[in-house]
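Asks: Structure incoming, see below.
Here, each number is a calculation from the coordinates, and none is a lab measurement. It should be emphasised that the depicted structure is a prediction, and the values quoted were computed from it without experimental measurement. Positions of Cβ are backbone-derived with ideal geometry, glycine not excepted, and every protein chain shown enters the neighbour counts.
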Amino acid sequence: MPEPILQVQQLKTHFYLMEGVVPAVEEVSFDLHRGETLGLVGESGSGKSVTALSILRLVPDPPGKIVGGRILFEGKDLLALPEKEMRKIRGNGSR
């Protein structure tokens, strides 16, 4: 089988609030291959939206921070890319 188009490995995103650290995403992992559809299902507040925002690196910092894991899109490590490259991946690079 070909390499996944998206690989999320042990993703962890926390929010640092005055009340303390709130883990919003803990150890989320999945692979998505070209042509596949993925649905994230869970209760309200279970981290679905924060997972999606983390993949796109749109978690507001502060108070949020991706504190662990890897996100690979077409073999590129999204957590290591400069913001200019992320805008291209998100679809805003040519504007």
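Here's the yes/no breakdown for (1) within 26 Å of residue 1 (Cβ to Cβ); (2) buried (at least 16 other Cβ atoms within 10 Å of the Cβ):
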| position | (1), (2) |
| --- | --- |
| 18 | no, no |
| 21 | no, no |
| 31 | yes, no |
| 36 | yes, no |
| 55 | yes, yes |
| 60 | no, no |
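Asks: Let me ask you something else. Quickly run through region 63-95 and pick out the residues that are in a helix (DSSP H, G or I), touching a residue at least 12 places away in the same chain (Cβ under 8 Å) and surrounded by 13 or more Cβ atoms within 10 Å (Cβ to Cβ).
Replies: 78, 79, 86, 89
Asks: Next question. Within region 6-62, which residues are in a strand (DSSP E or B), under 20 Å from residue 74 (Cα atoms) and free of Cβ contacts under 8 Å to residues at least 12 places away in the same chain?
Replies: If the condition is that a residue be in a strand (DSSP E or B), under 20 Å from residue 74 (Cα atoms) and free of Cβ contacts under 8 Å to residues at least 12 places away in the same chain, then no residue fits.
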